[in-house]
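Readers should treat all values here as calculations from the given coordinates under stated rules, not as data from a laboratory. Here the structure is a predicted model, which means the values were calculated and not measured. Cβ atoms come from the backbone with ideal geometry, glycine included; neighbour counts cover every protein chain shown.
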Amino acid sequence: MDTTLADPLVGRLLDRRYQVEALVAMGGMATVYRAMDTRLDRRVALKVMHADLARDEDFVNRFIGEAKSVARLSHPNVVSVYDQGRDGPYLYLAMEYLPGRTLRDLLDERGWFPPREALSIMVPLLSGLAAAHTAGIVHRDVKPENVLIAPDGHLKVVDFGLARALSVSPQTRTGMIIGTVAYLAPEQVRGTGGDARTDVYAAGIVLFELLTGTKPHTGDSPLSVAYKHVNEAVPAPSQLVPGIPPEVDRLVAEATSRDPLGRPADAGQFLRQVNDVVHWLPGPGGWTAPAAAWPGAGSFATAGYRAGSRTQVLDDGRTVIAAHDGLGGDNGAPDDDGTGGYRRKRWIGLFAAAVLVFAVAGGTGWWFTQGRYTSVPAVAGMTESAAVNTLRADGFTVRMGTAVPDNNVKAGTVARTVPAAGGRISKGAAITLIPSAGPRMIKVPDVAGQHLSDAERALRNVGLTPGGVHKEPSSSVDDGIVISTSPAAGLSQPQTTPVDINVSEGPPLPNFVGQDQQSIRQWAAQNGITLNVQQDSSSSQPQGIITRQSPAAGTPISDNETVTIGASSGPPVVGIPDVDGVGVGQAKQALAKLGFNVKVDRLGPFNKVFDYSPTNQAPKGSTITIYAGF
């Protein structure tokens, strides 16, 4: 049955603009159609989301946002996004139409590729990813199916952002893995998110498949394959195809490191490493695998040729191989005297010729197998200038590569060379120096408000090492919760330097001095504090007022804390002298000397005291009011 004719969208004018012509492909979350943009009169590819996703508003909102981001991305190795829209139940993207095929089709046809061809395919793939990473866009589903090949051989990457949009949909159950399992990075399997290094991992798997014709991890179920991504290293391609150079193996190993920090930081850095290796591979045709590694290898090695044969062109133009001994006629020598003398001379000549041939062959063989090669000197750790001088003194041509972060080599010195130190290289060949940019710098995440264990895990997840834990009292942050880090969140820290964490010990002990004992008892009961109350009989403060405390205010509060406080017993009672009829100044002086405060209330013009209150006795420090004027 023709599915194109049965499809309800074929033949329809979508969104009053796109005339749908034919179904191209069906996928897990969308169907792709060929259509004509009737406004701009150009052919486009329409990617129409499946109906269950189009009904999910969270997915729709994320899908629109991702589409806008990708539409701003303009690069020759990225499929252009022209438009996004919705027509009833149909949510769609209008994209550049490429009538070619996918990298998966090419892999199915060819099986696998020699290293130079495989790396040549990776260059445009990584160029497109690098442009996206520079723009802050992560693909999250890099695989051969998402690499399109135009009829002219041009490679373009498609489907940026769709995996991210799908990840927020309720249609994707908690714990569901988004992406094609064969290319998933370990952090995607664990559900801890992903960044540009996630795409680098998938690109490394694609390179492995290009080199070997197979995926590195296989299993009976997607879950078993996902488990291998987390727990097993990707094998070296040379284990499957003998003779692949170590530098190509190293590209795959670094890109597919299970630790994201062991991978190139983004596709741009991976691309530079690929270019370095491509420049190193010998010959315009690239590296050639040993005969055993190639399908059908050796079939031409001996066909139609034998030692001592010669070709002859007949009168009718045919070419034949005729027997020929290389020294005389076909059927013996005319100067043979019948005594065997000629034969002895002939064998002596043959022996001398053979010795000469073996000598020349041996010397030539030594030159091509040993003599013209040498080892790459070890210059890692040298300054750039010292390394250049050393290599040039040994006759090598020196190229400078892009500096890379290296936690073990200080900035300004050589991190490594391409080819690597100790590797085999032609005398006088070019060696690329890769300088160190110093330790990898990582932005400190904001972990304030997290429990200590969670904060330490967050630091490790970005590649930093938790340092010392410093406890501080805090009135606003609960006990055991992170207050801040040193250096502060948002600052970049060398990966080799630990990050200290400041953790709250809970609220500090308040200042009780001067407060009423009863109010402090209530606070202590609410906060699990035991009060040890001691009476302070020497205080002039009113009874019940706290005069001292231990531990002091500001001290961190520990569990089951006991605080000793001194509570005033009240000031001593002092007798009040009789100051009736005494001058105001004299009365004030007498009362103040006993520790009283004096208040004067004048009711007339005279300066004599005619009354005072209280009388008899009062607590020291209390106020005595005297009345004067009559």
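From the alpha carbon centroid of segment 73-151 to that of segment 390-426 is 34 Å. Exposure proxy for Val574, Val469: other Cβ atoms within 10 Å of each Cβ, ordered fewest to most, give Val469, Val574.
Kirkwood Rh, segment 517-568, all Cα pairs: how many Å? So the Kirkwood estimate lands at 11.4 Å.
Overall dimensions of segment 482-630, expressed as equivalent-ellipsoid semi-axes from the Cα gyration tensor (√(5λ), whole Å, largest first), are 55, 20, 11. Mind sorting Met400, Met95 by how few other Cβ atoms lie within 10 Å of their own Cβ, fewest first? Going from sparsest to densest Cβ surroundings: Met400, Met95. Between rounded, prolate and oblate, where does segment 417-474 land on the alpha carbon gyration tensor, with a ≥ b ≥ c its root eigenvalues, rounded for a/c under 1.5, else prolate if a/b exceeds b/c? Judged from the Cα gyration tensor, segment 417-474 comes out prolate (a/c at least 1.5, a/b above b/c). Neighbour counts of other Cβ atoms within 10 Å put Tyr183, Tyr18 in the fewest-to-most order Tyr18, Tyr183. Summarising the label geometry, the points placed 7 Å from Cα in the beta-carbon direction at His451 and Ser540 lie 5.4 nm from one another.
Just so you know, the Cα atoms of segment 3-96 work out to an Rg and Dmax of 12.8, 36 Å. Largest first, the extents of the alpha carbon coordinates of segment 574-628 on the three principal axes equal 31, 16, 15 Å. Three principal axis extents describe the C-alpha atoms of segment 101-286; from largest down they are 53, 33, 32 Å. For segment 442-556, the equivalent ellipsoid derived from the alpha-carbon gyration tensor has semi-axes of 42, 12, 9 Å in decreasing order. Using the Stokes-Einstein relation with a Kirkwood hydrodynamic radius computed over Cα pairs, the translational diffusion coefficient of segment 371-517 at 10 °C and a viscosity of 1.306 mPa s comes to 85 µm²/s. An ellipsoid equivalent to segment 215-266, defined through the eigenvalues of its Cα gyration tensor, has semi-axes of 21, 16, 6 Å when rounded to whole angstrom and sorted largest first. Where q = 0.18 Å⁻¹, what log10 of I(q)/I(0) comes from the Debye formula for segment 378-435, counting one point per Cα? Debye intensities relative to I(0), on a log10 scale: -0.52. Pull up the cross-link candidates among the aspartates and glutamates for Lys620, meaning alpha carbon to alpha carbon under 17 Å and not fewer than 8 places away within one chain. The qualifying aspartates and glutamates are Asp536, Asp578. Summing +1 for each Lys or Arg and -1 for each Asp or Glu among the other residues whose beta-carbon sits under 13 angstrom from that of Leu459 gives -1.
Here, segment 448-504 is characterised by an Rg to Rh ratio of 0.96, where Rg is the alpha-carbon radius of gyration and Rh the Kirkwood radius. When its C-alpha radius of gyration is set against 2.2 N^0.38 Å (N residues), segment 538-599 gives a value of 1.84.
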